[in-house]
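Novice: Below is one structure. I have some questions about it.
The values are calculated or read from the model by the stated rules, or taken from the named source; none is laboratory data. As the structure is a prediction and not an experimental result, all values here were calculated from the model. Note that each Cβ is placed from the backbone with ideal geometry, even for glycine, and that neighbours are counted across all protein chains shown. We work out accessible area using only protein heavy atoms, side chains counted, and drop any ligands, DNA or RNA first. Shrake-Rupley method; radii C 1.70, N 1.55, O 1.52, S 1.80 Å.
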Amino acid sequence: LPGAPLGGLPRSGRWAAAVIRECVWPAIRLGNRNDSASAGPTGVPWIDSNGWAARLAGTLNPAQAVWLDFGPPEGTVVTPEDWVRAAAEAWAHGARWMLPPGALEAPVWQALRPALEFFERSRGWPRETASPVGAISDFHVDNEFLSHEFLNLTARRQLPVRILERSRAASLPWDGLRVLVYLDRQPPEGALLERLARAVRDGALLIAPPDCAPLFQGAPAGEAPAPGYRVTALGKGRAAIAAEAWEDPFLLAVDVQNLMGRREAPLRLWNGGNVIPHPTGASGDRPAVIHLVNYSTRANDVTLGLPGRHRAAAFYTPESAAPLPLKAQVVRLGVELHLPPFRTYGAVMLEG
């Protein structure tokens with residue numbers, strides 16, 4: 001599918017697979033001199049990643065396998081570890097990678113083969129995103145730019161979200177969703193509007209554009225933690241309605257994090273600015289496996305913070321012969337897990 005990454009994605013069940021060809025090589029983007037990382041608006045290194053696009057393709061085509069078709073950029077020196085990272089990113093987000101010819105060269109294949117075998121052995125792990133935050137859109141036409149970039153930027157800000165396609169959202173399970181971001185210009189209606197209103201009355205936070213204001217009127221609920229929003233109380237929950245139409249997806253991603261607050265964050269990472277996490281579980285917001293892709297060339301000592309009181313955890317990497325037990329340290333907002341250094345990919349499996 002040439003063109004924009006998902007702009008021409010087929011949405012028909014007659015297709016056996018969804019193939020994305022306009023991908024990026026997973027890495028930290030380098031500056032003009034190729035010797036320093038390029039920083040984004042957040043001040044942290046900008047990461048080129050396909051994870052959000054793979055998950056969106058899977059959401060829009062739930063009956064099809066998602067394949068990523070790309071190779072290393074011409075003229076770029078890549079190491080065997082870089083190839084493992086590319087395979088790990090696809091795996092972590094529920095997709096498969098169409099290996100280019102260079103993958104079969106001896107040093108590359110020697111690194112790739114054990115990683116691919118590890119991913120194949122772990123194929124029974126849960127694949128659904130586990131997060132209390134849901135993003136609702138048709139992800140198409142007028143809504144494409146904002147919704148796609150919102151997913152792109154929240155992933156880089158280490159805020160995993162569950163993707164809900166608008167036409168099917170009302171009929172999907174909403175277990176554990178406590179923050180709902182309605183991204184489309186067109187206000188919700190019918191069953192979706194009823195479902196959103198019920199979720200807010202039951203305690204959820206709805207974040208929506210200005211045209212949704214007449215649909216969610218309530219008593220003022222204090223000053224908004226992000227400028228440019230009016231927050232009203234509806235039942236046990238709240239609705240945060242933007243005063244002006246959203247134009248900048250980066251500012252929207254920041255606003256969502258400020259409006260929801262730290263307590264609703266599905267996870268936190270320390271010393272992990274080069275890592276993109278993807279928590280997965282059978283349903284709801286409670287993860288069973290958290291995939292971590294390291295886009296740096298360094299193996300940092302990362303600490304993972306999670307809500308809840310997990311009894312035990314284990315850490316997996318493709319290079320390890322056996323998982324490493326992790327000791328959970330209880331803190332005010334849940335638990336913290338100190339992870340061993342990993343260079344490309346690691347997974348935390350939680351128990352209890």
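Novice: Looking only at Asp255, Asp142, Asp211, which one moves most when the chain is put into a Gaussian network model with springs between Cα atoms under 10 Å?
Specialist: Largest GNM mean-square fluctuation: Asp142.
Novice: With viscosity set to 1.002 mPa s at 20 °C, what whole-number translational diffusion coefficient in µm²/s follows for the stretch 216-352 from Stokes-Einstein and a Kirkwood radius over Cα pairs? All intermediate terms of the calculation are to be shown ahead of the outcome.
Specialist: Numbers: Rh = 17.1 Å.
Reported coefficient: 125 µm²/s.
Novice: So, counting K/R as plus one and D/E as minus one, what does the shell of residues with Cβ under 11 Å around Val256 add up to?
Specialist: Net charge in that neighbourhood comes out at -1.
Novice: Once label points are set 7 Å from the Cα along Cα→Cβ at both Asp301 and Ala233, what is their separation, rounded to one decimal in nm?
Specialist: 4.6
Novice: In nm, give the distance between the simple-model label positions of Lys327 and Arg168, each being 7 Å from the Cα along the Cα-to-Cβ direction.
Specialist: A separation of 4.5 nm, rounded to one decimal place.
Novice: In whole Å, how far is the Cα centre of the stretch 151-170 from that of the stretch 95-119?
Specialist: If you average the Cα positions of each part, the centres end up 29 Å apart.
Novice: While we're here: Compute the length gained on full extension between Gln186 and Trp109: take 0.36 nm times their separation in residues and subtract their Cα-Cα distance, giving the result in nm to one decimal.
Specialist: Working it through step by step, the gained length comes to 22.9 nm.
Novice: What residues from the stretch 322-352 fall in the zone where the backbone N is under 17 Å from a label point 7 Å along the Cα-to-C-beta line of Arg309?
Specialist: 328-337, 351-352
Novice: If you take all C-alpha pairs in the chain, what percent of them are over 36 Å apart?
Specialist: 20
Novice: GluC sites (Glu not before Pro) within the stretch 78-180: which are DSSP loop residues with at most 16 other Cβ atoms inside 10 Å?
Specialist: On the way: sites: Glu81, Glu89, Glu105, Glu117, Glu120, Glu128, Glu144, Glu149, Glu165; in loops: Glu105, Glu128.
Hits after loop and neighbour filter: Glu105.
Novice: Under a plain spin-label model, where a point goes 7 Å from the Cα along Cα-to-Cβ, how far apart in nm are Trp270 and Arg123?
Specialist: 3.9
Novice: Would you mind working out the accessible area per residue for the stretch 96-154, using a 1.4 Å probe, and quoting it in Å²?
Specialist: Roughly 46 Å² per residue, with all protein chains present.
Novice: Running a GNM on the chain with Cα contacts under 10 Å, which residue among Pro80, Pro287, Pro214 ends up with the highest mean-square fluctuation?
Specialist: Among Pro80, Pro287, Pro214, the largest mean-square fluctuation in the Gaussian network model of the chain belongs to Pro214.
Novice: Hey, can you find the accessible area per residue of the stretch 270-352 for me, probe 1.4 Å, expressed in square angstrom?
Specialist: 43
Novice: Taking the mean number of other Cβ atoms within 10 Å as a proxy for protection, how do you rank 49-61, 166-178 from highest to lowest?
Specialist: Highest to lowest by the protection proxy: 49-61, 166-178.
Novice: Tell me the carbon and sulfur percent of the accessible area for the stretch 262-322, rounded to whole percent, probe radius 1.4 Å.
Specialist: Of all accessible area on the stretch 262-322, carbon and sulfur atoms account for 48 percent.
Novice: Only helical DSSP H runs with n ≥ 4 go in: add -39500 (n - 2.57) per run for the chain, normalise by residue count and round the 222 nm mean residue ellipticity to 500 deg cm²/dmol.
Specialist: Details: 7 runs with 80 residues, N = 352.
When only DSSP H runs of four or more count, the value is -7000 deg cm²/dmol.
Novice: Mind telling me which of Leu164, Leu252, Leu104 comes out most flexible in a GNM of the chain, alpha-carbon contacts under 10 Å?
Specialist: Leu104
Novice: Below 8 Å, C-alpha to C-alpha, sequence gap of six or more: please give me the relative contact order for the stretch 137-222 in percent.
Specialist: 29
Novice: Which whole-number percent gives the relative contact order of the chain, counting Cα pairs below 8 Å spaced six or more residues apart?
Specialist: 14
Novice: Over the chain, what is the percentage of antiparallel beta bridges among all DSSP beta bridges, to the nearest 5?
Specialist: Around 65 percent of the beta bridges assigned by DSSP in the chain are antiparallel ones.
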